[in-house]
1. Are any residues in the range 2-28 in contact with a strand residue (DSSP E or B) (Cβ under 7 Å, 6 or more places away or on another chain) and farther than 23 Å from Gly73 by Cβ, and if so, which ones?
2. Taking the range 27-62 on its own, how many of its residues are touching a Phe, Trp or Tyr at 6+ places or on another chain (Cβ under 8 Å), touching a residue at least 40 places away in the same chain (Cβ under 8 Å) and open to solvent by 20 Å² or more (accessible area, probe 1.4 Å)?
3. Quick one: which residue in His189, His211 is out of contact with any Leu (no Cβ under 9 Å at 6 or more places or on another chain) and modelled with pLDDT under 95?
4. Could you count how many residues in the range 179-200 are open to solvent by 60 Å² or more (accessible area, probe 1.4 Å), within 21 Å of Leu103 (Cβ to Cβ) and among the β-branched types (Val, Ile, Thr)?
5. Under the condition of being open to solvent by less than 50 Å² (accessible area, probe 1.4 Å) and in contact (Cβ under 8 Å) with a residue 60 or more places away in the chain, which residue from the range 13-26 is nearest to His68 (Cα to Cα)?
6. Consider Arg245 carefully, then state whether it is more than 19 Å from Glu106 (Cβ to Cβ) and surrounded by 15 or more Cβ atoms within 10 Å (Cβ to Cβ).
7. Limited to the range 201-234, what total is found for residues that are over 24 Å from Ile40 (Cβ atoms) and either exposed (fewer than 15 other Cβ atoms within 10 Å of the Cβ) or of a type in the set (Gly, Ala, Ser) (or both)?
8. Has the range 76-99 got at least one residue that is in a strand (DSSP E or B) and closer than 21 Å to Glu19 by Cα?
Amino acid sequence: MKFAIIDRTDYNSIQQRNEIKKQLMEHGLEYDEKYPDLVICVGGDGTFLRAIHQYIDILDTTMFVGIHTGTLGFLTDFTQREINELIHLIVHTTPVIENRPMLKIEFKDKEEVCYALNEVRISSMDRTLKLDIYIDDEFFEQTSGSGICVSTQVGSSALNRALNGAVVDPGLDVLQLCEIMPVVNKNHHSLQNPYIMKETRKLTIKGEFLHYANINYDHLSANLEDVNEILISSSTKKVRFARYRTYSYLKRLKNLY
């Protein structure tokens, strides 16, 4: 099996990376940064997301496992104290693969396409955004405020949770829409509550002043110049999580609070 390692670039993570690489190569595994079968992420959730986007073009043949070297890693399965256990499991066992769909973000009249595992956020802190939201080409609502966030099940425990969105149990492949600091008065009303919808839904976001907004997907951003319509849907691209041991979502969730 070929493997690669992405680290957080701090001293501790680099040390852990070097030790993992050394031990796995001693066991006969091949280090291949270009076409790995397994990507080991050493750091935290940010490192995990960076690794996914680095290998976005070969997700169908690459799987990911994470080791967190900080205080909390929601996407990571092992702590740095468990590195020897992970190495043993990689060498001697076959992981269970869990597929998690990504979001696909398209811009009208542009060829650029972006993908996100956690969420996409369209927002502005400088001015009020009025956004027309269509679901499956049917008008749903006009939001007025600082923007919106669309998240996956995986991303439901990230920014979505900070916006008082619902944390979604794994195995439920859904999309969730949350407003960011909505403006509510007698002249304007919107749902305000999080809206959870089936993954086959397609959202169209329109706005005359979208070019004033920022769009962030996971840890990345894109340019909205000359954009007045954005399409968000579930992608056929899926992240393959390599589960080398029993995975308790509830335990990980409780670690958040």
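The values are calculated or read from the model by the stated rules, or taken from the named source; none is laboratory data. In this text the structure is predicted, and so the values were computed from the model without any measurement. Don't worry about glycine lacking a Cβ; one is built from the backbone with ideal geometry, like all the others, and counts go over all protein chains shown. Heads up: the accessible areas ignore ligands, DNA and RNA and are worked out on the full protein's heavy atoms, side chains in. Shrake-Rupley method; radii C 1.70, N 1.55, O 1.52, S 1.80 Å.
1. Residues satisfying the conditions are Lys2, Met25.
2. Of the residues in that region, 4 qualify.
3. Numbers: His211 fails: out of contact with any Leu (no Cβ under 9 Å at 6 or more places or on another chain).
So the residue among His189, His211 that is out of contact with any Leu (no Cβ under 9 Å at 6 or more places or on another chain) and modelled with pLDDT under 95 is His189.
4. 2
5. Gln16
6. Working: more than 19 Å from Glu106 (Cβ to Cβ): yes; surrounded by 15 or more Cβ atoms within 10 Å (Cβ to Cβ): no.
So Arg245 fails the test.
7. The number of residues fulfilling the criteria is 13.
8. Kept after step one, since they are in a strand (DSSP E or B), are these residues of the range 76-99: 78-79, 96-99.
With closer than 21 Å to Glu19 by Cα added as a condition, the list becomes 78-79.
Yes, because at least one residue in the range 76-99 is in a strand (DSSP E or B) and closer than 21 Å to Glu19 by Cα.
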